[in-house]
Each structure stands twice: as C-alpha cells, then as structure tokens.
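Quick notes on the structure that follows.
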Amino acid sequence: MQLETHAWPSSYGGDAKPRMGFFTDTSVCIGCKACEVACKEWNQIPMSMQGFTGHSYDNTIDLGANTWRHVAFVEQKLPLDATEGGSLVQVAERAGAATNGGLASYQEGPGEGIRWLMASDVCKHCTDAACLEVCPTGSLFRTEFGTVVVQEDICNGCGYCVPACPFGVLDQREDDGRVWKCTLCYDRLGDDKEPACAQACPTNSIQFGELSELRERAEHRLGTLQQAGQEKAQLYLADDDDGVGGAGAFFLLLDEPEVYGLPPDPVDTRRDLPQIYAATAAAAVALGVGLVAAVFGGRRG
Amino acid sequence: MTEPRSYYGQPVIKEPVWTWEIPLYFFTGGMAGASAGLALLSEIRGNDVLARRAWAASFGAVGISPVLLISDLGKPTRFFNMLRMFKVTSPMSVGSWILVGSGTSTALAATNAWTGWFPRLGRVAKPVAAVLGLPLSTYTAALVANTAVPVWHEARWELPFVFGSGAALSAGAAAAIATPVTHAAPARRLALAAGALELISSQVMERRLGDLGEPYSEGLPSRLKLATGACILTGSALMGWRGRRSRPIAAVGGALMMAGAVAARWNVFRAGFASARDPAYTVGPQRARVDAKRAHAEPAGRTDTAPPGGEPLVEVGSPANSDRQ
C-alpha cells in the first residue's frame, strides 16, 4: 500500500479501496477552465462572481466554498531555454524534446518570450490532513479511497478547518454557514466513475487514478520535461517525507510553487501539536502557581 | 526581508472566518478559569468575602462563553455536534469538553458559595472548577496556535503564557472591582502582577518572532496594542496608588485593566488575520526552509546560477488587497 494515512486503509479493513488521487500535469494545461465548469455543474456549486481581476485570465481568484477547481494563470518573461546556450546540436535536441514533450504551445516566439503557466488547483487530499485533524465534530473524514470529505449533515460551521489548512482550500459558504470543499467526487467514485474535472479535461492535464500508479507516471513525465530543458520542473506534494506526508492530489509544476499561489513547504499543524500542548500545560501550571502566590503570598487575605 | 514571490499578491492560506465573539470569548473564558482558582484559594485562606465574588465572576463569565461560541457557529443549531466526539488532535474539541466541565462545576460551586445549597456536590465541584479553570484559561492559545496562521502558529511557545497572564489579570481586576477593599488584597496583587506579565510576555513573543511578528504592531493590531498598554498601565497605576483605600478608584483601575485584557486578545486575533492575508508571511519562512534544505542536499561546489524563474509582468508581492478587512 502506498501512502498510508492514519485512518486509511486500516480502519476500513476489507472495505478499503485503493487510494485514489489526482495528478495535475500543469505542463499541458491550456487554461480552458473546463474543470472549473464541470466541477460546478456536477456538484451543483453556487455561483461565485468575482468580477474582473486583471490577473491575466483568472477571474476565479482562489479555491473556496464555491470554487473547488481553480485555474491559475501566470505570465512570465523568461528566456527560452530551448534556444539558448550550448552547441547547435544541443539546442536542436532540446527544441525537439520540447516539441515532443508538448511544450511548444506556450513557448512560442524567438528570444525573450512571454511564458504562460497555467495550473488547475484543487484540494490536495493530504496524507496528514490538518483540516480533518482539527475538525471537532468529525464532519471531515477519511473515505475508503483515502480522500478527505466534509459531511455536510454534520458540519456546524465552527470554521476551525479554514485557517488550519496550509493551502487555504476550505472556506465557509455565506448564507449557509458550513464549510465546503472538493470531495474528489466521492459520489462518482462510489459508482466507478472518474471525477467530473478529470473527465472534462481535454488535454489530460488532470489525471485521475490510483495514487501509486499516478506517481510513477508523474516521475516519467518529469524526466521528459527535465530532458527538454525545464530545469525548474518539479513534482509538488509527491514526496511522503514532506510536511503533509504527501498528498492525494499532487502536481507537476514548471516553476516554484509560490508562483502558482501554492505554499513551498506546507506543514500539517498537527506536527507541532505536542509543543503547543506542552506550552499550554506549562502556562496552565504557571497560572496555578501565580494564583497560589497571589492569595497566600500576602500577609493578610 | 525581501518580498517573496507570490501569485498576484493573493493570500496562500485563508483568513479565519471567526467574528467578534471569539476574541471576546478568549477574554471571558480566561476570566472564568482564573476566577475559579482565585475563588477556591481564597476560600481555603478563609477570605469568604473575596471567594464568593470570585465565584460569581467565574460563573458569569463561564455562562456567557457558550453563548458567544454558539453564536459564532455557521450553524448554531448544530452546536451539540461539538460533543459528538472527544478528539485530542483538535484543541477546539478538547476545549469544548473543558468548557462543559468547567461550566457545570462552576455553576454548582457558585450556587453553593452564595446559598449553601448542595454542600456535598459543592465540595467536589469547587476543586474541579478551579483545576479545569487553568486549562480553560490557556487552551484558547493552543486553539489558535494549532493553525497555519503564521503569527499564531510560530508564537506557540509564548501565546499560552500571554493568554494565561490575561486570564489572571481579568480575574484579579474583576474581583478587585466587586470586593470591598479590605478583603481584595489578593485580587489586587494578582491583577498587578499579571498585568505586568501580560505586557512582558507579549513583548517577548514579538521579539522572538522578529519580522514575522510585524502584524502584531501594524494597522489595527498596532492601535489595539497601544490601547492594551495604556489601559493596563493606567489601571495598574490607579490600583497601586489608591486601590487599597478607595473602592471607586480600585473599580476604575480594575475596569481599565479588564479593558486592556480585552484589547490584548483582540490584538492577537486581528494580527492573525493580517498575517494570513499577506502571502509574504506564509511563503517567506517556507521558502527559506526549502532553500536551506536544497543547499544542504547540494553541498558547495555546484553553483547553480539559473535565474530564479521569470520576472513577473505585474508587480506582485505587496498584497493588493491589504485594505480588505
């Protein structure tokens, strides 16, 4: 089993399914937003009109209660690696690899080009999920697929998961009071269907499947891109040793995570909880000592 | 610190959705918790006049607390779901149970202290209320520290002491207001010492946080910090000057000190929002960690001079939405 979590697969026993996830390969994202639309349609999410932002083609802004897929658009001036430096043979090799790797679409033009990075963001379904750990009602739970889902009939809108998530995924829905987020189409998974966004994605930028298999595929794709001169290409949240223990939804990025609005080194707050409780207990004891000193320290009560 | 890269200055994490009830609860919960301890100890010391008033203060504050918490819920009618489970990984769950235990035992204790009813239950309830009052005063710091909000999470070592000082300050001040001066000496001592500790511990916290602690002293949190200092210092001066002789002066001083404790809770609360809103506080330290790890993984020799990605076309970094509340 890959990437075991606290509750999966152990607590499901024989009912546990393989851990499912998303591999979002941003290098082939064309920014069509079909994932955003498909997600809204299938999950019947209310409208989230944000107006015109001026942030390239991104008028959705961020993930939230009413946005479970969000396509980011980054515009960068970047020297084209494929046509610079090295011998002519090397340049030709790189250019060929770039074309074969499907990179040409956003790196057209000679010399100084404008590069577009597009990436469809989603709930990460972390292995160590802070939202799930802080949820006081048990509304957030780990499914048999290893994903993280909010049970809307239990959530009482305490809002603790909102600042606990290191990715800013969850938010409270106005006029409803509860928190909402991507379910990785839990209803469709139960019916052996892939999530709506993955099905709608025309370039296979959003790939759905068993996490272990997706990781292999991602490693292979990363190798291709690095060969093509994409030095900054990196897998994001595909490492069991990162701050969230790896994630069910991971990404292939062409630049550092923060460029896409993702935290470069997210940490599940639960890892520091022993320190937090230690400090809290120490302060409680200190308060007790202080009270004793105040009452018994004086000459007369 | 150099401004880290970001996505159009958009926040990386979400601001909390909590409203004014929450910082007010930080205050009432702390006051209730520390008052219970003050009451029990005063009773043991034989100062029943003070003890009864401290029990009343504890009962009043612990009575308001659930009302505040429930009114902040997105679905207030589902408040009962808080008690579906006991979950150690959630300080909010642990705190809910502490509040239930503390509220019940304090109600019994206060009733017994004023009426003499339930003598047997009272004898058990009083120490229970006093002991549960200690974590009740400090767990709220654990609650906010156990988030991704940088100024809360990184202040995890100091925040419980700041909140504990505030709790003692509130309890002492409330008892000093309610008690005749001849019996209020322990309350005054408690308020004065805790007021000083509140100011000192929050200074220590901000110093240690360095650049990351800026949100505590910018904008609205900065004004709240000024109010905290002014209220606590003036209140302490009045309390120390004539608190022993004049009940009205002790009352005014105590009220100012309590106002200072409220402002201090609000300062922490609003600073959290500010630090969540600005991606620099989230990305900066994380980027430094990643770079340090990479430098460690690739020992000296290989000097990778690849440009740090592209230059953004639009000025990013400084949050474009810093005026958002």
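A short reminder: the numbers here are calculations on the coordinates, not readings from a lab. This is a predicted model, so every value here is computed, not measured. Cβ atoms come from the backbone with ideal geometry, glycine included; neighbour counts cover every protein chain shown.
The alpha-carbon positions of chain B define a convex hull whose volume is 155 Å³ per residue. When the Cα positions of B:134, B:151, B:18 are compared along the charge dipole of the protein assembly as shown, B:134 comes out farthest toward the positive end, with charges on each C-beta of Lys, Arg, Asp and Glu. The ranking of A:181, B:87 from fewest to most other beta carbons within 10 Å of each one's beta carbon is B:87, A:181.
Cysteines in the protein assembly as shown that lack a partner Cβ within the 4.7 Å cut-off: A:29, A:32, A:39, A:126, A:135, A:155, A:158, A:165, A:185, A:201, B:231. Taking a span of 24 Å or more along the helix axis (Cα atoms) and a mean Kyte-Doolittle hydropathy of at least -0.5 as the rule, the DSSP H helices of chain B that qualify are B:21-45, B:48-72, B:91-115, B:119-145, B:159-178, B:185-209, B:219-242, B:247-277. Taken along the Cα-to-beta-carbon direction at a fixed 7 Å, the label points for residue B:220 and residue A:292 span 4.1 nm. Rounded to the nearest 10 degrees, the inclination of helix A:34-43 to the longest alpha-carbon principal axis of chain A is 40 degrees. Measure up A:124/B:87; A:181/A:232; A:17/B:14; A:124/B:14; A:124/A:193 against 21 Å on the Cα-Cα distance and list the ones that go over. Result: A:124/B:87; A:181/A:232; A:17/B:14 exceed 21 Å. In nm, what is the difference between 0.36 nm times the number of residues separating residue B:49 and residue B:196 and their Cα-Cα distance? That works out to 50.3 nm of additional length. What is the angle, in °, between the Cα long axis of helix A:88-100 and the longest principal axis of the Cα atoms in chain A? Nearest 10 is fine, range 0 to 90. In chain A, helix A:88-100 runs at an angle near 70 degrees to the longest axis.
Panel order for B:19, B:77, A:127, by other beta carbons found within 10 Å of each beta carbon, from fewest to most: B:77, B:19, A:127.
Charged side chains reduced to their Cβ positions (Lys and Arg at +1, Asp and Glu at -1) give chain A a dipole of some 800 debye around its Cα centre. With a ≥ b ≥ c taken as the square roots of the eigenvalues of the C-alpha gyration tensor of the stretch B:83-223, please select rounded if a/c is under 1.5 and otherwise prolate if a/b is larger than b/c or oblate if it is not? Oblate shape, in that a/c is at least 1.5 and b/c is the bigger or equal ratio.
Averaged over peptide B:128-141, the number of partner chain Cβ atoms lying within 10 Å of each residue's Cβ comes to 4. In chain A, excluding the sites themselves, the longest stretch lacking any of the chymotrypsin sites (Phe, Trp or Tyr not before Pro) that are in a DSSP loop with at most 15 other Cβ atoms within 10 Å is A:58-301.
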